[in-house]
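Worksheet: the structure to be examined is printed underneath.
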Amino acid sequence: MANNPETPIGLDEAVLSAKDLTVTFPMGSLWSRKELIPVNHMTFSLKKDEVRGLVGESGSGKSSVAKALTRIYTPTHGEMRFHGENVALIRGHELKRYRQKVQMVFQDPYSSLNPLKTVRQQLQRPLHLIHNTRYSVDSLLEAVGLSRDLQYKLPYELSGGQRQRVVIARAMALNPEIIVADEPISMLDVSIRASILSLMNDLRSRYHVSYLYITHDMASARYFSDRIMVLYGGHLVEIAGSRELIRHPSHPYSQLLLAATPNKRAKKSALPQKRYGAPNLWASQKGCPFAPRCLYVLDECYVNRPSWTWITRTHGVACFSRGTIW
Ligand SMILES: Nc1ncnc2c1ncn2[C@@H]1O[C@H](COP(=O)(O)OP(=O)(O)OP(=O)(O)O)[C@@H](O)[C@H]1O
Ligand SMILES: [Mg+2]
């Protein structure tokens, strides 16, 4: 993309910022090399105490963004700055320190925990690792709304919601500044999803943690996030404040996502799609990644990648056909 999607709010104020962040995976055989690009020149920033939503359908590259930001994946191209320092390629001790500050919470709390260790053992380890005197096992359990008695239990003895609370407590034990939460509620019972988001919100105000909240569900993104980024085919296609995005989605893909959301405020005129197709992440893909599914597609959309247009100071969209859809 030609221009920088977050220039209006400034990359400088960011705790963590990504500039042209790209992750590629070489695929195929020696004779027919292909490249998959789940994170394609993404630029955005995360401010202190902010909850940033990242929404997109399955296969759009959400987890790859999360793994790049937590440096499970090494970016192939671009910058990632943490308090101004480029952390895209750091290694060894520096990387270890960075990973303490940017924690990840995964979708499945059961597989995130060691099944053979008690809650107490799983929380003690990170506390000892960084000689954390700010918290104890008891205070961590209290912070995530669990009773102290649970510390002697094994993961299988806990409910899904309790397990995810333990996972969050374990992340908090490392005094993180950022938690990258990759669909943290999607495997939980519907009845307890809101309570986990409310816990995360509570931790944000008490301990000043910022979140990248990854979900395929616009309703929860709206509920929990200050700003939302919409991802399609490894590309960011729209960024806006969450209320603004829900009220005035400008990219046809954002409108489609909202149409699939059981939400009274979803735009009533939300569009159907031209045809269904999974996002194309191959390097050979040209133009707008959403073009094959877009009802408002123009010839240009198949050839060039749309650059960012700022509708307001904080609402950006990458779409050529915006004249048609607004
Ligand atoms: N380590 C890897 N090696 C090769 N391909 C990968 C790797 N990690 C991710 N991919 C591919 O990148 C694409 C995007 O995957 P990703 O998991 O980031 O999507 P997602 O948006 O998180 O999907 P979901 O909602 O299903 O979790 C997929 O086609 C996936 O197969
Ligand atoms: Mg995923």
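Please treat every number below as a calculation from the coordinates, not as lab data. The model shown is predicted, which means the values in this text are computed figures rather than measured ones. Methodologically, a virtual Cβ is constructed for each residue, glycine included, from the backbone with ideal geometry; neighbour enumeration extends over all protein chains shown.
Taking the Cα-to-Cβ direction at N86 and at W31 and moving 7 Å from each Cα, how far apart do the two end points lie in nm?
Label at N86, label at W31, 4.0 nm between them.
Which links in K19/K47; K48/K101; K62/K286; K19/K62; K34/K62 stretch past 18 Å when you go from one Cα to the other?
Among K19/K47; K48/K101; K62/K286; K19/K62; K34/K62, the Cα-Cα distance tops 18 Å for K62/K286; K34/K62.
Using the number of other C-beta atoms within 10 angstrom as an exposure proxy, rank C294, C319 with the fewest first. Please list the in-between numbers first.
Values: C294 23, C319 26.
Listing C294, C319 from fewest to most nearby Cβ atoms yields C294, C319.
Can you give me the angle between helix 190-207 and the longest principal axis of the chain, using Cα atoms only, in degrees from 0 to 90, rounded to the nearest 10?
Compared with the principal axis, the helix lies near 80 degrees.
Simple spin-label model, 7 Å along Cα-to-Cβ: Y207 to T312 in nm?
Each label point is offset 7 Å from its Cα along the Cβ direction, giving 3.3 nm.
Please arrange S321, S147 by how many other C-beta atoms lie within 10 Å of their C-beta, fewest to most.
Fewest-to-most ranking of S321, S147: S147, S321.
For the chain, take the convex hull of the Cα atoms, compute a quarter of its surface area, and give me that in nm², please.
That works out to 17.6 nm², a quarter of the Cα hull's surface.
For the pair S198/S136, report the inter-label distance in nm, with labels modelled 7 Å from Cα in the Cβ direction.
Result for the modelled spin labels: 2.8 nm.
Ranking Y207, Y135 by Cβ neighbours within 10 Å, fewest first, what do you get?
Y207, Y135
Mean residue ellipticity at 222 nm from the helices of the chain, using -39,500 (n - 2.57) per DSSP H segment of n ≥ 4 over the full residue count, to the nearest 500 deg cm²/dmol? Don't skip to the answer; put the middle values down first.
On the way: 11 runs with 96 residues, N = 326.
Mean residue ellipticity at 222 nm (helix-derived): -8000 deg cm²/dmol.
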